Amino acid sequence: MEVKLLKATEDPEETICTAARNDYMEEFAGDKSFKEIMTTIEGETIEEKKETLIGHLLKQGHFGPFEHPQATFAVKGISRSCMAQITRHRHVSFDVRSMRYVSFDDVDPENVAEGEMVVTPPSANDPDWVGRNQKGGAVDDETVEKREEIFRESVKRSVEDYQELLDLGMPPEDARFVLPIGTEVNMVLSMNARMLMHVADMRAAADAQWEIREMTEEILDLAKEWCPITFEYYEENMKNRKNRLAP
Ligand SMILES: Cc1cc2nc3c(=O)[nH]c(=O)nc-3n(C[C@H](O)[C@H](O)[C@H](O)COP(=O)(O)OP(=O)(O)OC[C@H]3O[C@@H](n4cnc5c(N)ncnc54)[C@H](O)[C@@H]3O)c2cc1C
């Protein structure tokens with residue numbers, strides 16, 4: 001899996017603060033410099049003032065201003081299972097690599113068995129891995145070797161069958177039905193800062209699956225570089241809180 005920040009609103013925290021100050025200013029925010037807009041906010045420097053206001057907004061649950069800045073991420077190599085989970089979030093915009101127009105006719109099924117094209121879950125080769133709803137706990141090496149063998153054989157066979165169906169003239173959009181749910185996709189996704197916090201609430205949490213959790217943690221790291229005051233506050237004060245519900 002690889003996650004990159006493609007594009008994002010410039011000066012996102014200036015936008016958040018301007019939007020929030022607009023709510024309580026008699027004057028038109030469009031006529032004022034950012035410095036003027038922030039005059040009454042506590043702090044010596046403009047950075048301190050931004051920290052004061054953003055901390056206050058997040059603490060009070062005044063989340064509307066965080067809907068203005070938006071970021072676009074490119075994600076490489078997540079499973080269709082992970083895709084199904086993330087695309088449940090209705091305020092995120094997505095583009096997903098098509099399996100109707102992109103066919104995997106030149107992929108070597110042997111390489112698929114070695115981890116190409118299909119995501120291998122850690123429980124397929126790590127004896128100590130314990131996932132949710134798993135019967136028993138850690139397993140011995142022999143059991144995990146057996147798991148790995150079955151997993152590899154199964155994905156190899158489905159790619160061989162897929163390619164044979166393509167050779168028999170079946171369209172890629174129909175032949176893909178035999179491919180596993182672990183088949184990799186690349187996607188581009190965009191969301192605003194408020195939604196990013198909501199996705200993190202649900203998908204960076206301990207009860208989310210390892211793959212979407214990893215993706216969300218990577219998105220959060222990039223968000224911290226893009227919109228630092230907001231996502232550092234989120235990390236320190238909001239992440240993993242109980243009773244989260246749509247910030
Ligand atoms: C650990 C975990 C397990 C899950 N298991 C399952 C499962 O077994 N089966 C399954 O189907 N799903 C499952 N889900 C998905 C989950 O039920 C949600 O559909 C998904 O996480 C989207 O989040 P959301 O409901 O907050 O909606 P989002 O689309 O992220 O919307 C954000 C917020 O906007 C508001 N909102 C959006 N649309 C509406 C609306 N129509 N009406 C009212 N308010 C709205 C809500 O406040 C919502 O929280 C699981 C999620 C997690 C994290």
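The values are calculated or read from the model by the stated rules, or taken from the named source; none is laboratory data. Bear in mind the structure is a predicted one, so any value in this text is a computation, not a measurement. Methodologically, a virtual Cβ is constructed for each residue, glycine included, from the backbone with ideal geometry; neighbour enumeration extends over all protein chains shown. SASA here: full protein model, heavy atoms, side chains in, ligands and nucleic acids out. Shrake-Rupley method; radii C 1.70, N 1.55, O 1.52, S 1.80 Å.
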>> If the requirement is being buried (at least 18 other Cβ atoms within 10 Å of the Cβ) and away from the ligand (no atom under 16 Å from the Cβ), which of these qualifies: Glu184, Glu236, Glu142?
In response: Glu184
> For the range 212-233, which residues satisfy the criterion of being within 16 Å of the ligand (Cβ to nearest atom) and open to solvent by 10 Å² or more (accessible area, probe 1.4 Å)?
Replying inline: Arg213, Glu214, Glu217
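Looking at the range 74-185, what helices (runs of 4 or more DSSP H) fall wholly within it and have at least 3 residues that are in contact (Cβ under 8 Å) with a residue 60 or more places away in the chain?
Working: elements: 80-86, 109-113, 141-167, 172-175.
Of the helices (runs of 4 or more DSSP H) lying wholly inside the range 74-185, those with at least 3 residues that are in contact (Cβ under 8 Å) with a residue 60 or more places away in the chain span 80-86, 172-175.
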> Across the range 1-57, what is the number of residues that are in contact with a Ser or Thr (Cβ under 6 Å, 6 or more places away or on another chain) and among the acidic types (Asp, Glu)?
Replying inline: 1
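Go through the range 75-100 and count every residue that is among the β-branched types (Val, Ile, Thr) and away from the ligand (no atom under 16 Å from the Cβ). Outline the logic, then answer.
First, the residues of the range 75-100 that are among the β-branched types (Val, Ile, Thr): 75, 78, 86-87, 92, 96.
Filter once more, so that each one left must be away from the ligand (no atom under 16 Å from the Cβ): 75, 96.
Residues that pass the stated criteria total 2.
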